[in-house]
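Peer 1: I have a structure I would like to understand better, so I am pasting it below and will then ask my questions one at a time.
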Amino acid sequence: MYRYILVAVIFTCKLLAVTLPLYFSGNKVLSERELYGAIGINKPYFFQFWRDEPTLKSSNVDFYKKVLKDFYRSEGFYHTKIKAVISDDKISYKIDEGEFIEIADISVISSLDIEDVIGLHVKERFEASRFVDDKKAIISYAHDRGFCNAKLKSKAWIDTKNAQAFILYELDKDKICHFAEITVSDSGGFDPWLIKSFLRFKEGEEYSTEKIRQSYDLLYAQGALARATIEVKEHNATDVPIDLHVSRREKPIRFRAGIGLNSDEGLVLQGGVIHRNFFDNLKTLSLDARYSRIRQEIKSTFTMPLKDHNLFGTTMGYKYEKFDGYKEKSTYITPYVQQYDQPHSFKEAVLIDKATTYDSEDTDLFAESDLLVTSLLFNWKYDIRDRVLEPTKGYYLFTDIQGSLKSTISNSTYLKALIGGAKLFSYHQSVFGIRASLGSIKLYDGDIPSSYRFYAGGMNSNRAYSYRMLGAKNAQGNPVGFRSIAQSSGEYRFAILGELRGVVFSDVTLVGQDYLPDQNRPYIAVGTGLRYKTPIGPFAIDIATDIKDTSQYAIHFHIGELF
C-alpha cells in the first residue's frame, strides 16, 4: 500500500516539475535579456536560430521569483512586484517595476580629483552594481597614479520611503609608490630578458596598475605563452617589488579560419596556420589566405621580438584585386621594425612591390603596366580608446607616410601621406564621436600603380556611396581615383531597447587631382543606422544619402564600430 502511495507522490512531483517556455511582461526599464541573465538563462541572439528558446521548470518558479526581486533591488527598484503565472503551455512573470531609487546627493572627500571617475550621477537611478564599480574605479584610478596604499571609505544610504539615495566617497590617497626589484622566477624556458621586455614598467618608475594591465596585454599577445602572472609582492611603505611567472604552450601550432560579411567586399573567407614559437624565444611563422569577390591574397609573416619593446618582422605575399575599370596583381615583400611604447606605436618598413595592371577599360586613365616600386614606409599611432570593437571614449591619432626615389629598384619618385584621428565622448548610454583624415600623393617622376591613388565611398568612407564609387568617373562609368582626399564623420550613438542601439551620422568628403582636395565641391552624406550587440561585437547596418542629390544613397553593413 505504502509503495503505491510513494509511486503516486513521485509521479505527481514529476507532473508538477514540467519544463515550459519562459516569458516576461510588464518590464519597462530592465530588458528581457537582462532578466533572463539574472536567473542564469542565456537567451539566443536573433542569428542563433538553431538554439531553443528559454525554458524553466515549474518547480523552480518561486525560487527564481525571489532571485528576480533581489535583482531588481540591486538595480534600484525596492518596490517591485512580481507575479508568477503557470499555464498549460508557458510560464510567465508579470512585473510591476514600481518607482526606482533616485540619487539625491553624491559627496566626495578627496585630495585627488576623482569626480570624473564616478559613473553615478545625481538624479540617476541608484544601481548597486554601478556603486561597486565606482569604488573599484576610484581605487584603480588612485593606483594608476602611483598611490598603491590608497584607502577608500564609501557609503550609500537608501531612503526607501522617499525613494532617494545619498552617497559618500572618502579617499585617502597616502604617499606615492614606485616599482622596486623585478624578478623572473619562472621564465617558461624563454630568455628572462625577453620576458621582462614585455613589461610596460621599469624599476624605479612610479607604480601604476594601468602599466601592469598593459603588460598583461602584451604578454598574452605572445601566442606561445599559456599563462602569465605579474605578482605584486607584499610591500612596506612605498616600494613595490614584482615577481613574474610565465609558462609556455605545449602545442605551439594553431590553425585558424573565419568567415565574414560586409558591404564593401561581400562574403569574406579567411584561413591559415601559425607556429607561435618558431625556433623558440617567441618567434612566429604564419601562413594566411583571404578570399572575397574583389580581393584575394595569400601571405606569410615571420616575427621576432627584440629588446626594449621592439619587434622585427617580414611579410611576403601575393594578392589580386579587382578595381572598377582594371585589375591588379602584386607580389610583395615587406621587412619592418616595430616599437611599442603604449599608447604609442611606431613602424618603419621597406615595401618592395612588383605590381601588374591589366584588363584596363581605359588605358589613358589606367595604364597597363608592370612596375617595380620600392618604398620606405613610416607609421605612427597614438591610441587611448577604451575598447577596440566598441569604443565609448578616448581618442587616437595616426600618420602613414610612404615614398620612393626612382632608381634601378624603383620605377617612380613619389610621396604619399595620410594623417588623421578620432575622438569619442560618452554620457550615460550615449556616445558622440568625430573623426577626420587628410591624404595626399605627389608623383615627381616615373609611374606608380593606379591602386596607389585614393578612392572614396563605402562603409569606412562616405556612406552615401558604394565602395569606391564617389566622385568623377570616366566614359565607362568607372571611378577615376584621386591624388588628394579629406574626410570627416560625426556620429551620435544611443540606446533604443536592450541590446539594440541607434546611430545618426554625417560624412563629409573632399577630393581632388592636386596635392590638396577641391574645397568647392564637398560630398555631404547624412544617415542613420542600427547596432545590435553580439558576442563578437555589434552587428551594424547604416543607410545614408547625399544631401545635394537624395537619389544617391547606399546601405552598408559590418561588424564593430567604424571608429
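The values are calculated or read from the model by the stated rules, or taken from the named source; none is laboratory data. None of these values were measured; they are calculated from a predicted model. Every residue, glycine among them, receives a Cβ derived from its backbone with ideal geometry; neighbour counts consider all protein chains shown.
Peer 1: Residue under question is TYR326, and the condition is that it be more than 30 Å from GLN222 (Cα to Cα) and either of a type in the set (Val, Ile, Thr) or loosely packed, with under 14 Cβ neighbours inside 10 Å (or both); does it hold?
Peer 2: Considered against the rule, which asks whether it is more than 30 Å from GLN222 (Cα to Cα) and either of a type in the set (Val, Ile, Thr) or loosely packed, with under 14 Cβ neighbours inside 10 Å (or both), TYR326 comes out as no.
Peer 1: Please count how many residues of segment 232-250 are small (Gly, Ala, Ser) and within 12 Å of VAL184 (Cα to Cα).
Peer 2: Residues that pass the stated criteria total 1.
Peer 1: Residues to consider are ILE555, ILE541, ILE536, ILE547; find the one that is of a type in the set (A, V, I, L, M) and farther than 30 Å from PHE47 by Cβ.
Peer 2: Unique residue meeting the criteria: ILE547.
For (1) outside any strand (DSSP E or B); (2) over 25 Å from THR528 (Cβ atoms), each residue gets a yes or a no:
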| residue | (1), (2) |
| --- | --- |
| LEU415 | no, yes |
| LEU424 | no, no |
| LEU438 | no, yes |
| SER451 | yes, yes |
| MET459 | yes, no |
| ARG463 | yes, no |
| GLY471 | yes, no |
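Peer 1: OK, next. Is it true that some residue in segment 316-335 is assigned to a strand (DSSP E or B) and within 21 Å of LYS381 (Cα to Cα)?
Peer 2: yes
Peer 1: Now, a different point. Go through segment 439-481 residue by residue and tally those that are hydrophobic (A, V, I, L, M, F, W, C) and within 14 Å of LEU415 (Cα to Cα).
Peer 2: Selection size over segment 439-481: 4.
Peer 1: Inspect all residues belonging to segment 370-379 and state whether any of them is out of contact with any Asp or Glu (no Cβ under 8 Å at 6 or more places or on another chain) and of a type in the set (Val, Ile, Thr).
Peer 2: no
Peer 1: Tell me, which residue of segment 505-523 that is surrounded by 15 or more Cβ atoms within 10 Å (Cβ to Cβ) and of a type in the set (A, V, I, L, M) is nearest to the chain's Cα centre (by Cα)?
Peer 2: VAL508
Peer 1: I need the full set of residues from segment 195-205 which are farther than 16 Å from ASP341 by Cβ and surrounded by 17 or more Cβ atoms within 10 Å (Cβ to Cβ), in order please.
Peer 2: ILE195
Peer 1: Here's another thing I want to ask about it. Scanning for something modelled with pLDDT of 90 or more, more than 30 Å from PRO538 (Cβ to Cβ) and polar (S, T, N, Q), does segment 247-263 turn up at least one residue?
Peer 2: Yes, because at least one residue in segment 247-263 is modelled with pLDDT of 90 or more, more than 30 Å from PRO538 (Cβ to Cβ) and polar (S, T, N, Q).
Peer 1: Here is a further query. Collect the residues in segment 380-395 that are touching a residue at least 60 places away in the same chain (Cβ under 8 Å) and touching an Asp or Glu at 6+ places or on another chain (Cβ under 6 Å), keeping them in residue-number order.
Peer 2: GLU390
Peer 1: Moving to a separate point now. Would you confirm whether or not segment 338-355 contains a residue that is at pLDDT 95 or above and hydroxyl-bearing (Ser, Thr, Tyr)?
Peer 2: Scanning segment 338-355 turns up no residue that is at pLDDT 95 or above and hydroxyl-bearing (Ser, Thr, Tyr).
Peer 1: Here's something else I'd like to know. Please determine whether any residue of segment 222-230 is surrounded by fewer than 18 Cβ atoms within 10 Å (Cβ to Cβ), closer than 21 Å to SER140 by Cα and of a type outside the set (Phe, Trp, Tyr).
Peer 2: Yes, segment 222-230 contains a residue that is surrounded by fewer than 18 Cβ atoms within 10 Å (Cβ to Cβ), closer than 21 Å to SER140 by Cα and of a type outside the set (Phe, Trp, Tyr).
Residue-wise test of (1) surrounded by 13 or more Cβ atoms within 10 Å (Cβ to Cβ); (2) of a type in the set (D, E, K, R); (3) free of Cβ contacts under 8 Å to residues at least 12 places away in the same chain.
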site	(1), (2), (3)
ASP70	no, yes, yes
TYR78	yes, no, no
ILE91	yes, no, no
GLU97	yes, yes, no
ILE101	yes, no, no
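Peer 1: Write out, first by first residue and then by second, each pair whose Cβ atoms fall under 6 Å of each other, whose residues are 6+ apart or on separate chains, and whose first residue, in segment 139-162, is in contact (Cβ under 8 Å) with a residue 24 or more places away in the chain and over 18 Å from ASP113 (Cβ atoms) while the second is of a type outside the set (Val, Ile, Thr) and outside any loop (DSSP other than H, G, I, E, B).
Peer 2: Correct list of pairs: ALA156/PHE131; ALA156/ALA165; ILE158/ALA165.
Peer 1: Right, another one. Determine whether segment 187-194 contains at least one residue that is of a type outside the set (A, V, I, L, M) and either surrounded by fewer than 14 Cβ atoms within 10 Å (Cβ to Cβ) or in the same structural domain as ASP341 (by TED's automatic domain parsing) (or both).
Peer 2: yes
Peer 1: Looking at this structure, is ILE536 part of a loop (DSSP other than H, G, I, E, B), within 28 Å of the chain's Cα centre (by Cα) and surrounded by fewer than 16 Cβ atoms within 10 Å (Cβ to Cβ)?
Peer 2: In short, yes.
Peer 1: Test of understanding: among ILE434, ILE419, which residue is of a type in the set (Val, Ile, Thr), over 25 Å from LEU530 (Cβ atoms) and assigned by TED's automatic domain parsing to the domain that holds GLY394?
Peer 2: Matching residue, one of ILE434, ILE419: ILE419.
Peer 1: Also: Within segment 396-411, does at least one residue satisfy the condition of being closer than 30 Å to TYR427 by Cα and assigned to a loop (DSSP other than H, G, I, E, B)?
Peer 2: no
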